[in-house]
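Novice: Quick one: the structure is below, questions incoming.
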Amino acid sequence: MIEDMLRTPAAVQDSERHTAHNYHPLPVVITSAEGAWVTDVDGNRYLDCLAGYSALNFGHRHPTLVAAAHAQLDRLTLTSRAFIHDQFADFCRELAALCGKDLVLPMNTGAEAVETGIKVARKWGYQVKGVPAGQANIVVAEGNFHGRTTTIVSFSTDSDARADFGPYTPGFRIVPYGDLAALTEAIDEHTVAVLLEPIQGEQGVVVPPEGYLPGVRRLCTERDVLFIADEIQSGLGRTGATFACEQEGVVPDMYLLGKALGGGIVPVSAVAADADVLGVLKPGQHGSTFGGNPLACAVATEVVRLLATGEFQRRSAALGERLHAGLRGLIGKGLVAVRGRGLWAGLDIDPALMSGRQACERLMERGVLAKDTHGSTIRLAPPLVITEEEIDHAVAQLTAVLAG
Ligand SMILES: *Cc1c(COP(=O)(O)O)cnc(C)c1O
């Protein structure tokens, strides 16, 4: 520990001094970035294989997005929703079209989109489905990650995320992820929604078994329950499609979006659903001062336009093949398992070799930034602008780290 401190550069120590220790960052202090690369205060360059947990799907400072932000900063930044601004309609129309839904409700952070989804589902339950007052329940999955608010951590199964933050919000039922029989069992006449990540990112990029998501869709339709897909991390190109649900041929009743929607520039999140669902909200019942602000809309509209070309989804699918082929080659050579889809991978390192944290530290020393999640699992989620050569470079550095 003391040795660590002595080796820790002053800039790293500075950043810890007046900060709550709610993160354990890798000891790198970044000062600039472009595309898939970041530069630290000493001028060292690193390939960013985390991409802000997928908030940077289009890379750092994508020129189109930066230009949109600059132009908007020079015109109008904030009105609040008390007034209408000229960036709002295009954003909502184009995002709704991308989602194939009637309506969009813009918020800021992912957790706010999840909270919004929960509130809308409950109101829908009481007003449309006819659930008796105060009786609504929502079914969620073990190993979920939906954010950090008091209600959301109430149904987390991660003790770090949950312990000592009670009393907890009632109204949630937790079932094993990927288990359709358990889900069927958990749904009753008071269930208003099933809230799931189509791939569990934080849990280690866990892909559910074949047929699970279509099964959830069928079940929700049969039982008059809303299927809420939290695509905050899995959506917007990450898996090689606009939505991870799409790859299973599934259309949820509600998409929760965030992270990449803000283009790595501003926090932008949204809920997208049809009018019979989102239409339950009336003025005064929900909102956010910054939700759908002009700067956010200007940037996010360009994000939607980048996605509408399909280019990033195709890149993610094609380059993802290359990434996964490279990683699969390391199974038995330091890796125990590789999961994921597109440019998204969860790797289980042989715990006898090193922890996920140690692997990430060694990767950092070799100029590749990634993040451990649980124990010996690390997650790779490079920006979708990464090239074939850069993927090969990342895999080569991982190979070297695992070879010791
Ligand atoms: C990151 C994330 C969230 C929370 O988003 P914040 O912007 O950090 O509040 C919710 N759900 C999923 C699946 C996420 O990955």
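Novice: Contact list please: Cβ distance under 9 Å, first residue in the range 137-162 and farther than 25 Å from Ala181 by Cα and open to solvent by 70 Å² or more (accessible area, probe 1.4 Å), second residue assigned to a loop (DSSP other than H, G, I, E, B) and among the hydrophobic types (A, V, I, L, M, F, W, C), pairs at least six apart or on different chains.
Specialist: That search, which allows pairs on different chains as well, returns Thr150/Phe165; Arg162/Phe155.
Novice: In the range 230-241, which residues are part of a loop (DSSP other than H, G, I, E, B) and either of a type in the set (D, E, K, R) or surrounded by 24 or more Cβ atoms within 10 Å (Cβ to Cβ) (or both)?
Specialist: If the condition is that a residue be part of a loop (DSSP other than H, G, I, E, B) and either of a type in the set (D, E, K, R) or surrounded by 24 or more Cβ atoms within 10 Å (Cβ to Cβ) (or both), then Glu231, Ile232, Gln233, Ser234, Gly235, Leu236, Gly237, Arg238, Thr239 are the ones that fit.
Novice: If the requirement is being open to solvent by 30 Å² or more (accessible area, probe 1.4 Å) and either basic (Lys, Arg) or assigned by TED's automatic domain parsing to the domain that holds Ser269 (or both), which of these qualifies: Thr289, Thr399, Thr301, Thr387?
Specialist: Thr289
Novice: Of all the residues that make up the range 256-277, how many are open to solvent by 10 Å² or more (accessible area, probe 1.4 Å) and within 16 Å of the ligand (Cβ to nearest atom)?
Specialist: So the answer is 5.
Novice: How many residues does the range 242-254 hold that are within 23 Å of Pro383 (Cβ to Cβ) and open to solvent by 10 Å² or more (accessible area, probe 1.4 Å)?
Specialist: The qualifying residues number 3.
Novice: Please find, within the range 101-133, the residue that is surrounded by the fewest Cβ atoms within 10 Å (Cβ to Cβ) out of those that are more than 16 Å from Ala193 (Cβ to Cβ) and more than 15 Å from the ligand (Cβ to nearest atom).
Specialist: This residue is Ala133.
Novice: So, one more: In the range 196-229, what residues are at positive phi, open to solvent by less than 40 Å² (accessible area, probe 1.4 Å) and more than 20 Å from the chain's Cα centre (by Cα)?
Specialist: Gly211, the sole residue that qualifies.
Novice: If Gly52 meets every condition in (1) touching a Pro at 6+ places or on another chain (Cβ under 8 Å); (2) under 20 Å from Ser269 (Cβ atoms); (3) not polar (S, T, N, Q) apart from one, which number is that one?
Specialist: Of everything listed in (1) touching a Pro at 6+ places or on another chain (Cβ under 8 Å); (2) under 20 Å from Ser269 (Cβ atoms); (3) not polar (S, T, N, Q), Gly52 misses just condition (1).
Novice: So, in the range 300-347, exactly how many residues are touching a strand residue (DSSP E or B) at 6+ places or on another chain (Cβ under 7 Å) and part of a loop (DSSP other than H, G, I, E, B)?
Specialist: 1
Novice: Something else now. In the set Val303, Val280, which member is more than 16 Å from the ligand (Cβ to nearest atom) and in contact with a helix residue (DSSP H, G or I) (Cβ under 9 Å, 6 or more places away or on another chain)?
Specialist: Every option except Val280 fails the conditions.
Novice: If Tyr53 passes every condition in (1) assigned to a strand (DSSP E or B); (2) open to solvent by 20 Å² or more (accessible area, probe 1.4 Å); (3) outside the structural domain of Ile199 (by TED's automatic domain parsing) but one, which one does it miss?
Specialist: (1)
Here's the yes/no breakdown for (1) within 24 Å of Gly147 (Cα to Cα); (2) among the acidic types (Asp, Glu); (3) touching a helix residue (DSSP H, G or I) at 6+ places or on another chain (Cβ under 9 Å); (4) assigned to a loop (DSSP other than H, G, I, E, B):
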site: Glu34; (1), (2), (3), (4): no, yes, no, no
site: Val38; (1), (2), (3), (4): no, no, no, no
site: Gln72; (1), (2), (3), (4): no, no, yes, no
site: Leu76; (1), (2), (3), (4): no, no, yes, yes
site: Ala96; (1), (2), (3), (4): yes, no, no, no
site: Pro106; (1), (2), (3), (4): yes, no, yes, no
site: Glu112; (1), (2), (3), (4): yes, yes, no, no
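Novice: I need the full set of residues from the range 170-185 which are closer than 18 Å to Gly134 by Cα and either surrounded by 13 or more Cβ atoms within 10 Å (Cβ to Cβ) or in contact with a Cys (Cβ under 8 Å, 6 or more places away or on another chain) (or both), in order please.
Specialist: Hits for the range 170-185 are Gly171, Phe172, Arg173.
The values are calculated or read from the model by the stated rules, or taken from the named source; none is laboratory data. For clarity, every value in this text was computed on a predicted model and none was experimentally measured. Cβ sites come from the backbone with ideal geometry, for glycine too, and all protein chains shown count toward neighbours. Quick note on the areas: whole protein, heavy atoms, side chains included, nothing else; ligands and nucleic acids left out. Shrake-Rupley method; radii C 1.70, N 1.55, O 1.52, S 1.80 Å.
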